[in-house]
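K.L.:
Shown below is the structure under consideration.
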Amino acid sequence: VGTVTGKSNNNNNNNKEEAEGGGEDPYSSGKDAAEMELIKAADEMKSLLVRDRWYKFRRYSQCLVAQDAVEMLVKQGYAKTEGDAIFFAEKMRKTGLLAHVVDGEKPFESGYLFFR
C-alpha cells in the first residue's frame, strides 16, 4: 500500500522498485557487459580468495594467489580453460581491478604470485 505524494505513477513505481530492492543493478551503471563481468568476477574473487598471506617472513595483506584465481575463474564459469582464465585475469589487471602486490605493472600469470 503506497502513500499519495502528488508524484506521477511512473515516479511512484520507480520508488517502489528501489524500495523493494529493484532498480538498477550495481554492476550495470553505464558499463558494457564485458566490463560488468570483470567487476563481478573481481568481487567474487575478493569474497572467496582474498586474505592476508605470508611469503619469506613477510606479510602481504588482503591479497590472493594467482593460481587460485585461475582455478576459481574456470570453476565459476568465467573461463573454459586455464589459458582463458589467465587472459581474463590479465584484462582485469589492465582495467585496474587486479595488481601485483609489489610490481603493479607485472602481467598476470598463474603461479604462487600475490595480487590484490
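K.L.:
For Lys94 and Phe114 in the same chain, what is the full-extension length gain: residue separation times 0.36 nm, less their Cα-Cα distance, in nm?
P.N.:
Length gained between Lys94 and Phe114: 5.6 nm.
K.L.:
Please list, ordered by chain and number, the residues whose modelled amide H lies under 5 Å from the amide H of Tyr55; skip anything fewer than 5 residues away on the same chain.
P.N.:
For Tyr55, whose amide H was placed from the backbone, the distant partners under 5 Å are Tyr60.
K.L.:
Under 5 Å between amide hydrogens, which residues at least 5 positions from Ala79 or on another chain qualify, with H placed 1.01 Å from N in the peptide plane?
P.N.:
When sequence neighbours closer than 5 places are left aside, the close amide H contacts are Val74.
K.L.:
Could you pull out every residue, at least 5 positions away or on a different chain, whose amide H is within less than 5 Å of the one on Leu113? Hs are placed 1.01 Å off N in the peptide plane, and Pro or chain starts have none.
P.N.:
Amide H neighbours of Leu113, under 5 Å, 5+ apart: Ala66, Gln67.
K.L.:
Give me a comma-separated list of calculated 3J(HN,Hα) values for region 64-69, in order, Karplus coefficients 6.51, -1.76, 1.60 applied at θ = phi - 60°, integers in Hz, x for any Gly or Pro.
P.N.:
Running phi through 6.51 cos²θ - 1.76 cosθ + 1.60 with θ = phi - 60° gives 10, 8, 4, 5, 5, 5 Hz.
K.L.:
Let me ask something else about it. How much accessible surface does Arg116 have with a 1.4 Å probe, in Å² rounded to 10?
P.N.:
Accessible surface of Arg116 is approximately 110 Å².
K.L.:
In nm, to one decimal, how far is the Asp103 label point from the Ala33 one, both placed 7 Å along Cα→Cβ?
P.N.:
Result for the modelled spin labels: 3.7 nm.
K.L.:
So, in nm, how far is label Asp84 from label Asp52 when the simple model puts each one 7 Å beyond its Cα toward the Cβ?
P.N.:
Going from the Asp84 label point to the Asp52 one covers 3.7 nm.
K.L.:
Separate question: Report ³J(HN,Hα) in whole Hz for each residue of region 35-42, in order, from the Karplus equation J = 6.51 cos²θ - 1.76 cosθ + 1.60 where θ = phi - 60°; Gly and Pro get x.
P.N.:
5, 4, 5, 4, 5, 4, 5, 4
K.L.:
Going down the list Lys46/Lys91; Lys56/Lys91; Lys31/Lys91, which pairs span over 18 Å between their C-alpha atoms?
P.N.:
Where the Cα-Cα span goes over 18 Å, the pairs concerned are Lys56/Lys91.
The values are calculated or read from the model by the stated rules, or taken from the named source; none is laboratory data. Here the structure is a predicted model, which means the values were calculated and not measured. Please note: Cβ atoms are built from the backbone with ideal geometry, for glycine as well, and neighbour counts cover all protein chains shown. In case anyone asks, the SASA skips ligands and DNA or RNA and just uses the protein heavy atoms, side chains included. Shrake-Rupley method; radii C 1.70, N 1.55, O 1.52, S 1.80 Å.
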